[in-house]
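Derivation of every value follows stated rules applied to the coordinates shown; laboratory data play no part. What you are looking at is a predicted structure, and each value in this text was computed from that prediction instead of being measured. Backbone-built Cβ (ideal geometry, glycine too); neighbour counts: all protein chains shown.
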Amino acid sequence: MLIKKIIIILLLLSGGSNNVYSNEQFQEVIVADPYVDVYTGHGNSYPVFHIIERGETIEIIFRHTSWFKIKNKEGIEGWVKLEQMTKTLSPDNHKQIELQTFSHEDYVDRRWEAGLLGGRFGSADALTIYAAYLFNKSLAVELSDTEIIGNTSSSSLYKLAIIMQPFPTLAFSPYVMLGTGFIETTPKTTLVLPKDNRNQFGNFGLGVQTYLSKRIILKIEYSDFVIFSANKDYDSNEDLKEWKAGFAIFF
Amino acid sequence: MESRFRHLLLNIIISTLFFLPTFSCGIEIEEVKELYPIIQPEIKRTKFDESNIKTADFEIISNIGIISIEDFGSNPALELNINYHISDDFFVGVGWFQATGDETSFEVVLGGAPLLSNNEREMTTYLISLGYNALPGEAFVTDNLTYNTSLYITAGLGNTSFAGSDHFTLSVGAGYRVLVSNYFAVYTDFRDNIFNVDIFKEKSTHNLKFTVGVGYYF
């Protein structure tokens, strides 16, 4: 009974969204290669079930990663990969179409970058989420939030940093960063510790990043934090080190 | 009486089907065509413009299921995920889920003061994860109904707020995705969220979660 219900829901869902685009007008292109392979799914491992010949016009329903769902004149729907799609022609001037792809060059010229990193902050586990804006190939400003989960307390660290990447075109490109911000520490409830506190810090960091593929950057970073926690009871500032690694996506 | 009731029920069902646009769209269009033979203007996008092609690399998934919180019983879990599909192999995602822990057997048997307050029993987890579509495939439901599927594995890091404190969380799991249409997917997802708690003494806990969900690509 339940299975039946699920199948009915599935059918309705698929029917419902088919109707959404049944009357829509899609972008058309003309096949210029001797033929284009049409796959049953978006991946090289799916079988090729149809071939579209040179000169045929196809409609592009939508794009998913580097695959295109297409429909030909007879209504056959399937998936075509980016490499073959870029060799099709525009219907008006019969020139080869241009589609967005990502290369090392796009990575070097990127404007926005956002990423996630995990690692160790002092003796605690830490997670970082960040966004960066690049003024040019080698100068960027970054805003980040690091959540530090320690045994006795957890902290949130908010940082604004300037990043210099002197050799942006290198495969493994090094960078330096200078940052500041504040850290908020909350003790764990099971322990009785001093009250919540908030301190400013200064930060110097070094890292290396590399372009993986598509829109992905991998990076590894080392940072040194001087937390200005000195006050009338406490004589010295804290010095903490952080190691982290993760990935970023650029736009 | 019974037949009147049946009649009423049938009427309700029929009228619902008729008014819901997604259900009745196919029928409606045909009827309209028969009544008013409108000449549809042939609009052709002759010029190529990439912005005419819709991309659907992001996905929002809402899940519902059960989480077994170690020592605190099995409880309903509500979950929300946003995934970004980088390639046909990899996807990254941020996820959030919430559940509430029950009483431990210790509390039930011995009675007395509860170990945790009601607030402390609330479990909230944030995760960032990386997924890999390990086994893409197709499911042949009937002779002419085929869905693309994928068996994926995921690994993630995050934070769990439970028992009054934050816990660094490692999450590993696997799931099955069925693409029921161009923009919708149905999920079954199984995950183990591992973190340390120190209520009696510090120990590593495994919190197994099983959910089903619906995803929408945009």
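Taking a point 7 Å out from the Cα of B:LEU151 in the direction of its Cβ, the residues of segment B:84-126 whose backbone N falls within less than 19 Å of it are B:89-91.
What is segment B:58-217 by shape, rounded, prolate or oblate, if you read a ≥ b ≥ c off the alpha carbon gyration tensor as root eigenvalues and call it rounded for a/c under 1.5, prolate for a/b larger than b/c, and oblate otherwise?
Values: a/c = 2.79, a/b = 2.16, b/c = 1.29.
Prolate.
In segment A:26-90, which GluC sites (Glu not before Pro) are in a loop and have at most 16 other Cβ atoms within 10 Å, using DSSP for the loop call? Can you show the working numbers first?
Values: sites: A:GLU28, A:GLU53, A:GLU56, A:GLU59, A:GLU74, A:GLU77, A:GLU83; in loops: A:GLU56, A:GLU74.
Counting only loop positions with at most 16 other Cβ atoms within 10 Å, the GluC sites (Glu not before Pro) in segment A:26-90 are A:GLU56, A:GLU74.
Between the helical axis of A:2-22 and the longest alpha-carbon principal axis of chain A there is an angle of about 70 degrees.
3J(HN,Hα) along segment B:199-206, derived from phi through the Karplus expression 6.51 cos²θ - 1.76 cosθ + 1.60 where θ = phi - 60°, amounts to 7, 9, 9, 5, 8, 8, 10, 10 Hz, with x in place of Gly and Pro. The alpha carbon convex hull volume per residue for chain A rounds to 210 Å³.
For segment B:58-217, a simple Cβ point-charge model (Lys and Arg +1, Asp and Glu -1, everything else neutral) yields a dipole of about 100 debye relative to the Cα centre.
For the cross-link pairs A:LYS87/B:LYS54; A:LYS241/B:LYS209; A:LYS188/A:LYS219; A:LYS69/A:LYS244; A:LYS244/B:LYS54, which exceed 27 Å when the distance is taken from alpha carbon to alpha carbon?
Details: A:LYS87/B:LYS54 19 Å; A:LYS241/B:LYS209 35 Å; A:LYS188/A:LYS219 31 Å; A:LYS69/A:LYS244 39 Å; A:LYS244/B:LYS54 36 Å.
The pairs that break the limit, which is 27 Å between Cα atoms, are A:LYS241/B:LYS209; A:LYS188/A:LYS219; A:LYS69/A:LYS244; A:LYS244/B:LYS54.
Here the spin labels are modelled as points 7 Å beyond Cα on the Cα-Cβ line, and at A:TYR158 and A:GLN100 they lie 3.1 nm apart. Label-to-label distance for A:THR186 and B:ILE64 is 2.9 nm, based on points extended 7 Å past Cα in the beta-carbon direction. Once both labels are positioned 7 Å from their Cα atoms along Cα-to-Cβ, the gap between A:ALA131 and A:ARG198 label points is 2.1 nm. Per-residue Karplus couplings for segment A:152-159, computed as 6.51 cos²θ - 1.76 cosθ + 1.60 with θ equal to phi - 60°, are listed in order as 9, 7, 10, 10, 10, 10, 10, 9 Hz, Gly and Pro entered as x.
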